[in-house]
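Any read-out appearing in this document is the output of simple, stated calculations on the displayed coordinates, not a laboratory observation. Given the structure is predicted, the values throughout are model-derived calculations rather than measurements. We place every Cβ from the backbone using ideal geometry, glycine too, and count neighbours over all the protein chains shown.
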Amino acid sequence: MFRTKVKPYSEMPITHQMVTDLLVEYNRPNDKISELIKRGELVSIRRGLYIPGEELDLPTPNMFLIANHLRGPSYVTLESALSYWGMIPERVYEISSATLKTSKDYSTSVGRFSYTYLRSPYYSFGLQSVKLTEQQTILIASPEKALCDKIVLTSGITLRSIIQTRSFLLDDLRISETSLRSLKIDEIQSWIEDSPKRSSLEMLVKTLETL
């Protein structure tokens, strides 16, 4: 029974090779995969990547873990990470990630995922591995990195003064002063030399220092 076979792997995105290994007794595993998809026992996220379907009634991967696997290397950032850390009040319905690959968007049966290119070494700063369950560990931007990424990756944002930056943080993003005061300024400072929009991140640091 497919449910029994896939159960140990249900909390992670499953590759085509993993599924065919589970279906080793079938002469035409691809036909069986198509059948499982039609029956709702398997969901195709993109070509060659699947998660268990609702019909199996099994735990499924967290959306952030799906995002990590859908296009890699990547990590969850921007509003998705800011919301996860409780920095912004809004719920986020599209999972935003940064990647070392070209930018790309995916609209899947389980949700929308966007990926924006970031160059190295800035890409690798401020990343955290967060264990959600025994089988699920996600890669996500720290609160500091998610905020820097928001400034770096949003076109039209250039921070030129403390007044403007305070307005951007408190009014546009609706981050509380308490949350802003909890940010590690020294970490942000250490990234600036290798960052895009260096002057804007320098202004961010100056503004945070006034809080």
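What share of the DSSP beta bridges in the range 87-211 is antiparallel, in percent to the nearest 5? Don't jump to the answer; show the numbers that get you there.
Values: 10 of 16 bridges.
Bridges in the range 87-211 are about 60 percent antiparallel.
Using only the alpha-carbon atoms of the range 2-56, report the extent along each of the three principal axes, biggest first, to the nearest angstrom.
Cα extents, longest axis first: 26, 20, 19 Å.
Taking the Cα centre of the range 63-209 as the origin and placing charges on Cβ (Lys, Arg +1; Asp, Glu -1), which of 199, 100, 132 is farthest toward the positive end of the dipole?
With unit charges placed on the Cβ atoms, the residue in question is 100.
Residue-wise, which Karplus ³J(HN,Hα) couplings in Hz belong to the range 99-111, taking 6.51 cos²θ - 1.76 cosθ + 1.60, θ = phi - 60°, and x for glycine or proline?
My calculation for the range 99-111 gives 9, 7, 8, 5, 5, 7, 10, 10, 10, 10, 5, 10, x Hz in order.
Would you calculate a helix-derived [θ] at 222 nm for the chain, using -39,500 (n - 2.57) for each DSSP H run of n ≥ 4 and dividing by the full residue count, to the nearest 500? Provide the component values of the computation, followed by the final result.
Values: 10 runs with 78 residues, N = 211.
It lands at -10000 deg cm²/dmol.
If packing is taken as the average count of other Cβ atoms within 10 Å, what order do 101-107, 133-139 fall into, highest mean first?
133-139, 101-107
So for the range 140-185, considering every pair of alpha-carbon atoms, how many percent are separated by more than 17 Å? All intermediate terms of the calculation are to be shown ahead of the outcome.
Values: 321 of 1035 pairs.
So the portion of pairs separated by more than 17 Å is 31 percent.
With everything on Cα atoms, drop me the angle between helix 198-209 and the longest principal axis of the chain, reported from 0 to 90° to the nearest 10.
70 degrees
To the nearest 20 debye, what is the magnitude of the charge dipole of the chain about its Cα centre, counting +1 on the Cβ of each Lys and Arg and -1 on the Cβ of each Asp and Glu?
Numbers: 26 positive and 25 negative charges, 84 e Å.
In total the dipole reaches around 400 debye.
At q = 0.22 Å⁻¹, what base-10 log of I(q)/I(0) does the Debye formula yield for the range 1-120 when every alpha carbon is treated as an equal point scatterer in vacuo?
-1.19
Percent antiparallel among DSSP beta bridges with both residues in the chain, to the nearest 5?
Numbers: 19 of 26 bridges.
Just about 75 percent of them are antiparallel.
Let me have the relative contact order for the range 1-160, percent, based on Cα pairs under 8 Å that are six or more residues apart. Write down the numbers at each step before the final one.
Values: 254 pairs, mean separation 29.9, N = 160.
Over the range 1-160, the number comes to 19 percent.
Give the peptides 171-183, 86-98 in descending order of average Cβ contacts within 10 Å, highest first.
Details: 171-183: 14.2, 86-98: 17.3.
Top of the packing list down: 86-98, 171-183.
Translational D (Stokes-Einstein, µm²/s) of the chain at 25 °C and 0.890 mPa s when Rh comes from the Kirkwood sum over C-alpha pairs? Spell out each step's value before the answer.
Numbers: Rh = 18.8 Å.
Taking Rh from Cα pairs, D becomes 131 µm²/s.
Roughly what angle does helix 29-38 make with the longest principal axis of the chain, taking Cα atoms, 0 to 90 degrees, to the nearest 10?
70 degrees
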